[in-house]
Amino acid sequence: MAKVRLLPDHVANQIAAGEVIERPASVIKELVENSIDAGATRIEVEFRSGGTSLMRIEDNGCGMSHDDALLALERHATSKIQKVQDLDGLTTMGFRGEALPSIASVSRFQLQTRETDAESGTEVLIDGGKMVHVRDCGMPAGTRMTISKLFNTVPARRKFLKSKTTEAAHIVQCVRLYALAHPEIGFSLLDDGRSLFQSPACSSLKTRIAEIFGKQIANNLLEIDAEEDGLRLRGLIGKPSLSRSSRHEMLFFVNNRPVENKTLSYAVVESYYGHISKGRYPVAFLFLDMDPERVDVNVHPAKREIRFREEAKTRGFAVRTLLEALKAETESYQSIKPVEVRLPKNDVAEEVVEPIPETPAPRPRKAEAPLSKPKRRLVQESKTVESSPVEAKPEPVAPAARKAAVDAKPEVSSPQPKTEETESRNWSYLGWAQGEFATFDTGDGVVLLSVRAAEQRILYERMINDFADKSIRCQKLMLAQPLELDPVVSAILEESLDFFTRLGFEIAPFGRNFFRIEGTPTWLESEEAEEFVKEMLALLRQGSMSADKSDLAVELVAKQAIKKIRRPSSELSKGEIDTLLDKLFACDKPLTDPEGRPSLIEISSGEIDKRFQRRNRRKQDELF
Ligand code: ADP
Ligand code: MG
């Protein structure tokens, strides 16, 4: 057996480096954190070849004396803590005293530093962990660290590096994060001598975002600031119209440190559900402040992963805060966005200005012709029509929906001639396309209507309206369904029984942890009741919805409910289609499904003319 021996320092350092310094961006992270800890108000970062050939970090912080500079390169040398208890009150980024010796052990490392009132600066050069020289140098107050030949002593690690472009991207992302967390510090970032960004100290996060991410993003953000039970969430999130193809612009900070955290990431994605189309990601710059005791930071020394002690609570708080901001935004969007619709001459005598209710588009679409609404038939007419698939589970049009139908009638300024006029403004049904779309001639063009999207929109609004009116109807089950739950979920259900009653369920406690579902809302098949209740309980448990904020909760419930609507299995009858249109256009937002995707597509006559390369078909016809 070999003897037990202490590892020589340079070996220990290289091992530590393996953990702390994964790639060039890790060096940048450590050194930028050191500059922030040193009280810098200006930090300049430069790199070449993705950081593999050169990295330079320069700050105007407190600098180091000759002795401190040497000491800082010793393992476990730190000015930031002295005893274990200091860890609790930690306000600095670093404290392990590992970064400098680790970096110096795997690169050619030059440290130049000068304290503000020192006469001269100190320069230390270390190559692969071995001291080359220490000498005085000229230097402005502050610290400059220059790293070249990263991983020269551990060639195996070089092999794990990705392309220069990828490594550069990691560096850029890293510097952006710290720049966002510290708008009060001026940052500049240079790649091969080319400035990637330069942002002087500024007073607001928004200004910093504009400088780093551009005005297009900065001008489309919503302010967040909420507090609950010792948690504070602040920052800026993208309006729903601003979406991205990756999560790279969903950035999180806990107690002002950049972190990676699934809880927050899921909370954001979940909050935008229905506002942003699938496969797209929102933009979010979120800062969560909380007692450090409630966070586990040490998941990995070099990574930024953290864990919350109270996951569900934190997530619930974040989701509620974001949903409220998004809701406010969606509402203001609707109320300030009247869209002018010009009706063709032969339609109605005067042009009318009619607000088109719509959910914000999930992303800017290509120029779309303004959509004209089909003009509603008289309400009585729809009575004669047989029931549509949505109506298949027998239920009369809900009072709220009917009221909406009446309220939403287009207001036309001139008196309206009765029947023919109404008749002539109807869409005429052309036929069934692609197994799921109803097509119409609207007079102004051709419309493709997604039956599924329309049914989802109708059910969604009906649930929300009926919930608000407390008029969701419940149908008694022939056979009550037993429901056994674990104690935690049982307690949640006990607490939220009123909420379930308002949703149209009849659920009765039936001994410890047992319940009976005795009635379900009419839109739900009785076989699906148990699963649906359990899904809702899971959302309540995670904190992603709360029965106290029932208006938000019912939106989530409704979004679950509409998933049950499938594509129609066969062509709808003319009567079914008429009923569907009537109901759709009685909705607040007939033009989109509840996820914000279009429920119908209109190809205007103008567009058709263009595609046929004709100038103006109608005018020409009039001439002949
Ligand atoms: P830690 O940050 O964990 O203390 P480091 O190895 O990163 O460990 O740094 C060691 C010490 O070097 C720090 O505690 C600090 O005193 C000093 N130091 C490092 N970088 C700077 C800097 N940019 N300006 C002034 N002092 C610095
Ligand atoms: Mg450090």
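Before moving on, here are some points about what is shown:
- Alpha carbon convex hull of segment 206-329, volume per residue in cubic angstrom: 105
- Rounded to whole Å, the principal axis extents of the Cα atoms in segment 521-599 read 44, 29, 19, largest first.
- Both radii are taken from the alpha-carbon atoms of segment 9-200; with Rh as the Kirkwood radius, Rg/Rh is 0.94.
- Between segment 205-261 and segment 450-515, the alpha-carbon center distance in angstrom: 35
- Packing-based order for 236-248, 445-457, 31-43, using average beta carbon neighbours within 10 Å, highest first: 445-457, 31-43, 236-248
- Counting 0.36 nm for each residue step from S241 to D548 and taking away their Cα separation leaves a gain of 107.6 nm.
- The label point for S120 and the one for F612, both projected 7 Å from the Cα toward the Cβ, are 8.9 nm apart.
- Cα-derived Rg to Rh of segment 436-499, Kirkwood definition: 1.24
- Restricting segment 96-197 to GluC sites (Glu not before Pro) that sit in a DSSP loop and have at most 14 other Cβ atoms within 10 Å of their own Cβ leaves E119, E184.
No lab work stands behind these numbers, since they all come straight from the coordinates. None of the values given here were measured: they were computed from a predicted structure. Glycine also receives a Cβ, built like all others from the backbone with ideal geometry; neighbour counts cover every protein chain displayed.
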